[in-house]
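FYI, it's all coordinate maths here, none of it is from the lab. Every value quoted in this text rests on a predicted model; they were computed, and no experiment measured them. Every residue, glycine as well, gets a Cβ built from its backbone with ideal geometry; the counts of neighbours run over all protein chains shown.
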Amino acid sequence: MATDYDAPRKTEEDISEDSIEAIKARRTEKPTAVVDEDESELAEGYELPGADLSGEELLVRILPAQADEFTCASCFLVRHRSQIAREKGVLKYCMDCEG
């Protein structure tokens, strides 16, 4: 942003008046958002502890380990090979478990 050094400068009083006016303008310009949500629809998404889930079916696509991945022998998470911190025989450990 270019600055005009020849322009008259504002006093502190002018600056404070401008900022109050700007705040009032922003307050009236900002629309208030009213969210109309049905509580029963929200409640359907929550599962209570101990709920009977025997009728539910879990659909998950499982991918085999990729060539650039390993499974940590400590936390059993699949990680990228760049995360290998230590190898002990065939066991590999990630940086989080070794760090």
Inset, instruction - Lys and Arg at +1, Asp and Glu at -1: add these up for the other residues within a Cβ distance under 13 Å of residue 68 and post the number. - result: +2
Inset, instruction - Arrange the peptides 52-59, 78-85 so that the one whose residues have, on average, the most other Cβ atoms within 10 Å appears first. - result: 78-85, 52-59
